[in-house]
1. Select from the range 320-357 the residues that are under 17 Å from GLY306 (Cβ atoms) and at pLDDT below 70 and list them in ascending order.
2. Mind checking which residues of the range 228-248 are surrounded by fewer than 22 Cβ atoms within 10 Å (Cβ to Cβ), within 22 Å of the chain's Cα centre (by Cα) and of a type outside the set (Phe, Trp, Tyr)?
3. Can you confirm whether the range 53-73 contains a residue that is modelled with pLDDT of 85 or more and at negative phi?
4. Determine if the range 327-345 includes at least one residue that is out of contact with any helix residue (DSSP H, G or I) (no Cβ under 8 Å at 6 or more places or on another chain), open to solvent by less than 60 Å² (accessible area, probe 1.4 Å) and among the acidic types (Asp, Glu).
5. Consider only pairs whose beta carbons are under 6 Å apart and that are at least six residues apart or on different chains; among these, list those whose first residue lies in the range 115-138 and is farther than 19 Å from GLY185 by Cβ and whose second residue is β-branched (Val, Ile, Thr) and open to solvent by 50 Å² or more (accessible area, probe 1.4 Å).
6. Which ones in the range 268-322 are among the basic types (Lys, Arg) and part of a helix (DSSP H, G or I)?
7. Test THR187 against the stated conditions and say whether it is open to solvent by 20 Å² or more (accessible area, probe 1.4 Å), at pLDDT below 95, farther than 18 Å from GLN212 by Cβ and among the hydroxyl-bearing types (Ser, Thr, Tyr).
8. Kindly indicate whether LEU137 is in contact with a Lys or Arg (Cβ under 8 Å, 6 or more places away or on another chain) and surrounded by 16 or more Cβ atoms within 10 Å (Cβ to Cβ).
Amino acid sequence: MALPHKLASFSSLNSPFTRNPHYSPPRRHLVSFSASPFTEKHSRERYQRDQWVYDDRQTMSFPPPCDSGSVREEDIALQLPELKKLLEVLREKRESEGKCSGGECVPGNVFLVGTGPGDPELLTLKAVRVIKSADLLLYDRLVSNDVLDLVAPQAKFLYVGKTAGYHSRTQEEIHELLLSFAEAGATVVRLKGGDPLVFGRGGEEMDFLQQQGIQVKVIPGITAASGIAAELGIPLTHRGIANSVRFLTGHSRKGGSDPLFVSENAADSDSTLVVYMGLSTFPSLAQKLMLHGLSPQTPAAAIERGTTLQQRIVFAELKDLSEKIASAQLVSPTLIIIGKVVELSPFWPTSSIEEPCLMQT
């Protein structure tokens with residue numbers, strides 16, 4: 001199938017628009033937490049970064065009036081002409097290099113790159129090298145702005161982030177974007193927060209592309225559980241306290257308030273639980289864990305925007321954490337760590353009778 005036709009297929013153009021709580025850790029500074037270190041769905045930074053993909057004669061109104069499907073469809077429609085132009089430029093470049101024959105080009109490579117929880121200093125050297133070599137970068141919401149600042153000036157950005165109630169691209173559309181540009185011979189870098197194979201759907205993208213004959217290389221990243229726990233001095237396992245660690249998704253596939261099924265095995269006092277994407281479903285999850293036998297007094301922490309300058313932390317016992325999260329008005333992304341190891345953090349309140357605390361660090 002011709003590449004422009006593939007682009008038309010994924011564009012979905014159905015719209016009319018063809019211990020001491022006062023101690024602060026090093027490197028973090030007290031800042032306003034209203035500014036996000038990530039690319040929010042309709043932020044000015046997103047449209048400035050992706051400006052190349054919008055024709056100068058056609059620009060979206062800013063900010064978009066709502067999160068309706070028509071906004072998404074208009075956005076994709078505006079991007080389509082420039083995406084097609086870039087495909088043609090890449091194809092012509094490969095032809096001039098003698099890497100195309102009979103209308104088919106030698107495929108480029110796709111790199112799935114984990115960018116860690118937000119702090120650019122947690123990137124691997126290999127990730128930095130690959131990011132600087134990209135022709136096109138498809139990036140998610142939770143790739144921090146500081147990481148994106150490392151991208152070479154000649155590279156093209158394309159936002160494909162998702163947030164509750166708004167997906168700039170469906171997963172199938174992301175698959176087709178990766179395939180189309182790889183078939184044109186581009187070096188395509190798919191940037192994902194954390195590690196691409198831990199709750200990042202990187203496995204689905206890798207499987208799809210490999211079935212199409214595209215070589216995929218995975219550059220691991222520091223997953224949020226490891227990076228944020230280390231930032232707070234929480235050992236995810238500790239001899240005599242926690243002999244295992246379990247990663248859970250609190251995300252409900254149907255978008256409801258209940259998390260995915262929680263087995264009795266998850267309520268293990270000798271294990272550490274780390275909950276990704278669990279902010280909205282945590283009240284239900286906490287109740288289920290306690291129902292299955294986990295002590296209400298189990299130490300726990302919720303960390304908003306961990307490892308970034310906007311990091312905020314709530315410490316509390318399991319029974320109180322939901323209330324304290326709501327009181328502090330934490331927002332996504334927030335990671336939740338539950339287990340006796342949380343009490344080993346130097347930032348855990350020193351007295352068991354202290355009020356659960358909120359830290360801005």
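1. CYS357
2. If the condition is that a residue be surrounded by fewer than 22 Cβ atoms within 10 Å (Cβ to Cβ), within 22 Å of the chain's Cα centre (by Cα) and of a type outside the set (Phe, Trp, Tyr), then ALA230, LEU236, VAL245, ARG246, LEU248 are the ones that fit.
3. Going through the range 53-73, the residues modelled with pLDDT of 85 or more turn out to be 53.
After this cut, where a residue has to be at negative phi as well, the list is 53.
Looking through the range 53-73, at least one residue is modelled with pLDDT of 85 or more and at negative phi.
4. no
5. GLY116/ILE222; LEU122/ILE222
6. Within the range 268-322, LYS288, LYS319 qualify.
7. Considered against the rule, which asks whether it is open to solvent by 20 Å² or more (accessible area, probe 1.4 Å), at pLDDT below 95, farther than 18 Å from GLN212 by Cβ and among the hydroxyl-bearing types (Ser, Thr, Tyr), THR187 comes out as no.
8. Considered against the rule, which asks whether it is in contact with a Lys or Arg (Cβ under 8 Å, 6 or more places away or on another chain) and surrounded by 16 or more Cβ atoms within 10 Å (Cβ to Cβ), LEU137 comes out as yes.
The values are calculated or read from the model by the stated rules, or taken from the named source; none is laboratory data. In this text, all values refer to a predicted model and were calculated from it rather than measured experimentally. Positions of Cβ are generated from backbone atoms using ideal geometry, with glycine treated the same way; all protein chains shown enter the neighbour counts. Surface areas here come from the heavy atoms of the whole protein model, side chains and all, with no ligands, DNA or RNA. Shrake-Rupley method; radii C 1.70, N 1.55, O 1.52, S 1.80 Å.
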